[in-house]
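Peer 1: Have a look at this one before I ask anything.
The values are calculated or read from the model by the stated rules, or taken from the named source; none is laboratory data. All figures in this text were calculated on a predicted structure; none of them were measured in a lab. Cβ coordinates were reconstructed from backbone atoms using ideal geometry, including for glycine residues, and neighbour counts include every protein chain displayed.
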Amino acid sequence: MTARGLLSAADALIHDLGREPAAPAQARPLALLIALIVSAAVYGACMGSFSAYSAARVPQIAYAAIKVPMLVVVTSGLCMPGFVVLNLTLGLGADLGSALRAIAFAQCALGVALGSLAPFPLLVYASGASHDGALIGNAVLFSLATAIGHTVMRRRYRELSAQPEHGGRHRVMLWVWTTLYAFVGMQMGWMLRPFVGSPGMPAAFLREEPFTNAYIEIIDLFLRW
Amino acid sequence: MKAFRQLDNLLRAAHLAQRSAVLRPELGLGPLLFFVLSLGALYGFFMGWYSVSVHWGQSGADGWLQLLASTLKFPALFLCTLLVTFPSLYVFSALGGVHLDFEQALRVMLAAIVVHLTVAASLGTILAFFTLSTRSYPFMVVLNIALLGVAGSIGLAFLRRALQTMSTSVLPVAPVLEAPAAPAASEAQAPPPQSDSSVPPPASRGAPQVAAEAQTARMIFRVWTVLYGLVGVQMAWLLRPMIGRPELTFSWFRAREGNFFLGALQNLADMFGP
């Protein structure tokens with residue numbers, strides 16, 4: 001595929017993400033996955049470039065480029081079995097395809113939104129942001145991309161939620177997915193840290209103590225406070 | 001593959017909990033028991049990972065023994081709870097106007113446990129992920145209680161709907177049991193009740209009477225649900241360690257002391273304690 005063809009395919013996919021659910025979706029699951037991985041990796045690379053002026057810090061760019069797509073894809077994968085079975089037990093098996101498509105579109109939208117925000121961390125870093133400032137800036141950008149992903153999910157769930165018979169259950173499942181995803185995603189983000197990386201420390205794929213629990217850390221933080 | 005299709009059919013019918021779905025001839029006691037054992041073992045396996053994870057790199061086989069114990073004990077927990085509570089369910093449901101024979105009642109109960117365990121096993125990926133990423137025992141206890149609580153409430157909702165459907169159903173039992181697997185929609189075209197049925201169809205009883213019976217059935221079910229819950233959690237306490245406290249050496253069973261609620265509260269306090 002030529003560069004022009006690739007760009008026009010990406011353009012079609014992005015427009016497909018914003019399309020109303022009633023319109024026939026063109027994007028295939030594999031295309032959505034590739035778009036998600038590439039876009040999130042681009043954001044990750046920019047995110048990991050904090051204080052990358054020394055050679056020792058350069059690998060952090062590659063690590064973050066690998067870990068950001070991992071964060072999104074693995075979190076979705078872990079939540080998926082529970083979501084499918086809960087849909088089936090609530091009698092939503094007939095709409096399972098639409099529900100899974102909504103998730104695929106939402107996750108892809110989250111990744112593409114992150115990709116589109118990739119220049120922002122560079123600007124923040126170039127503006128001389130401290131390590132804390134870099135963390136806060138990235139948290140804001142992640143929140144924005146997550147909100148966009150959730151908006152796409154809600155839009156694609158609109159028809160399901162409006163069903164006279166099963167609408168209420170679909171709304172419950174939308175809430176269940178969001179809760180599960182947030183619960184697992186937070187721990188996944190904690191495990192996969194550092195994404196930005198502390199400037200004084202060498203680049204690392206994972207912290208020396210990656211297998212700790214984010215929620216216990218938060219509780220400890222509050223107790224110490 | 002056939003077993004998987006049967007499980008899929010059961011889950012798809014879970015919200016309807018229709019007589020035809022639950023009492024299908026191919027969904028006999030054997031397959032249901034198989035699902036209870038295999039899905040229970042699967043969740044127990046995920047549960048037992050915690051012990052392997054915290055004992056990793058240490059001498060001794062405590063972690064692996066706990067994994068084996070959890071895999072064996074988790075399905076046993078459900079079967080023992082069933083053993084204790086099934087007679088009361090059978091009697092209570094009969095008193096509540098559900099006209100099922102012993103085997104049918106057992107199948108409905110096992111189907112509810114299968115729904116419970118399927119939901120639990122599907123959340124097992126999340127449990128496994130947290131198992132690998134945390135060393136906090138109280139957190140794992142609270143997480144397991146939360147996941148099993150969610151799955152249990154879905155299983156009980158299935159059972160409640162199943163018993164409710166059957167208490168007000170006008171369908172005769174025999175033709176449905178003998179009918180081949182059919183989509184749930186075909187229930188609408190089922191034949192009218194047979195005249196030899198000993199149970200008067202709701203149409204022959206007055207509407208207020210049917211409503212009063214349904215209310216009684218609901219109340220009886222609520223009482224039984226409380227009993228089932230209490231027995232289940234106490235059984236889990238008796239069969240502990242299910243997860244395996246890291247500072248204690250492995251044993252198949254712990255001394256009989258305390259109760260589930262004290263243990264759960266203690267773990268909650270430990271999680272938030274200094």
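Peer 1: Any idea which residue in the stretch B:119-128 is surrounded by the most Cβ atoms within 10 Å (Cβ to Cβ), counting only those that are out of contact with any Gly (no Cβ under 6 Å at 6 or more places or on another chain) and small (Gly, Ala, Ser)?
Peer 2: That would be B:120.
Peer 1: Here's another thing I want to ask about it. Name the single residue, out of those in the stretch B:235-252 being out of contact with any Leu (no Cβ under 7 Å at 6 or more places or on another chain) and of a type in the set (Phe, Trp, Tyr), that is surrounded by the fewest Cβ atoms within 10 Å (Cβ to Cβ).
Peer 2: B:252
Peer 1: Looking at this structure, is residue B:140 touching a residue at least 24 places away in the same chain (Cβ under 8 Å), farther than 14 Å from residue B:232 by Cβ and of a type in the set (A, V, I, L, M, F, W, C)?
Peer 2: yes
Peer 1: On to the next question. What are the pairs, 6+ residues apart or on separate chains, where a residue within the stretch B:257-274 that is more than 22 Å from residue B:229 (Cα to Cα) and surrounded by 11 or more Cβ atoms within 10 Å (Cβ to Cβ) has its Cβ under 7 Å from a residue that is of a type in the set (A, V, I, L, M, F, W, C) and at pLDDT 75 or above?
Peer 2: Once the first residue is more than 22 Å from residue B:229 (Cα to Cα) and surrounded by 11 or more Cβ atoms within 10 Å (Cβ to Cβ) and sits in the stretch B:257-274, its partners that are of a type in the set (A, V, I, L, M, F, W, C) and at pLDDT 75 or above give B:271/A:219; B:271/B:139; B:271/B:142; B:272/A:219.
Peer 1: Give me the residue from the stretch B:215-274 that is of a type in the set (S, T, N, Q) and away from every other protein chain (no Cβ under 14 Å) and, out of that set, nearest to the chain's Cα centre (by Cα).
Peer 2: For the stretch B:215-274, the residue satisfying everything is B:225.
Peer 1: Assuming residue A:140 fulfils every condition listed in (1) surrounded by fewer than 16 Cβ atoms within 10 Å (Cβ to Cβ); (2) within 14 Å of chain B (Cβ to nearest Cβ) apart from one, which condition is it?
Peer 2: Among (1) surrounded by fewer than 16 Cβ atoms within 10 Å (Cβ to Cβ); (2) within 14 Å of chain B (Cβ to nearest Cβ), the lone unmet condition for residue A:140 is (2).
Peer 1: If you go through the stretch A:164-193, how many residues are farther than 15 Å from residue A:211 by Cβ, touching a residue at least 12 places away in the same chain (Cβ under 8 Å) and assigned to a loop (DSSP other than H, G, I, E, B)?
Peer 2: 1
Peer 1: Something else now. Scan the stretch A:190-210 for residues that are among the aromatic types (Phe, Trp, Tyr), more than 14 Å from chain B (Cβ to nearest Cβ) and surrounded by 15 or more Cβ atoms within 10 Å (Cβ to Cβ) and jot them down.
Peer 2: Hit for the stretch A:190-210 is A:195, nothing else.
Peer 1: All but one of (1) outside any helix (DSSP H, G or I); (2) within 14 Å of chain B (Cβ to nearest Cβ) hold for residue A:129, so report the exception by its number.
Peer 2: The one condition residue A:129 does not meet is (2).
Peer 1: Which of the residues that make up the stretch B:129-157 are of a type in the set (Gly, Ala, Ser), closer than 19 Å to residue B:241 by Cα and surrounded by fewer than 18 Cβ atoms within 10 Å (Cβ to Cβ)?
Peer 2: B:146, B:149
Peer 1: Continuing with this model, one more query. Does the stretch B:21-32 contain at least one residue that is within 14 Å of chain A (Cβ to nearest Cβ), surrounded by 19 or more Cβ atoms within 10 Å (Cβ to Cβ) and either modelled with pLDDT of 80 or more or assigned to a helix (DSSP H, G or I) (or both)?
Peer 2: Yes, the conditions are met somewhere in the stretch B:21-32.
Peer 1: Filter the stretch A:168-189 down to the residues that are among the aromatic types (Phe, Trp, Tyr) and surrounded by fewer than 21 Cβ atoms within 10 Å (Cβ to Cβ) and list them by number.
Peer 2: Matches in the stretch A:168-189: A:175, A:183.
Peer 1: In the set B:99, B:116, which member is at pLDDT below 80 and either under 17 Å from the mean Cα position of the chain (by Cα) or surrounded by fewer than 22 Cβ atoms within 10 Å (Cβ to Cβ) (or both)?
Peer 2: B:99
Peer 1: Can you say whether residue A:164 is more than 14 Å from every other protein chain (Cβ to nearest Cβ) and under 21 Å from residue A:64 (Cβ atoms), as far as the supplied structure shows?
Peer 2: So residue A:164 does not fit the description; no.
Peer 1: I would also like to ask the following. Would you check if residue A:200 is farther than 29 Å from residue A:15 by Cα and of a type in the set (Gly, Ala, Ser)?
Peer 2: For residue A:200, the condition - farther than 29 Å from residue A:15 by Cα and of a type in the set (Gly, Ala, Ser) - is met.
Peer 1: Can you find, within the stretch A:68-102, the residue that is farthest from the other protein chains (Cβ to nearest Cβ) among those that are surrounded by fewer than 20 Cβ atoms within 10 Å (Cβ to Cβ) and of a type in the set (Val, Ile, Thr)?
Peer 2: Per the criteria, the residue is A:73.
Peer 1: In the stretch A:211-225, what residues are in a helix (DSSP H, G or I), loosely packed, with under 15 Cβ neighbours inside 10 Å and among the hydrophobic types (A, V, I, L, M, F, W, C)?
Peer 2: A:218, A:221, A:222, A:223
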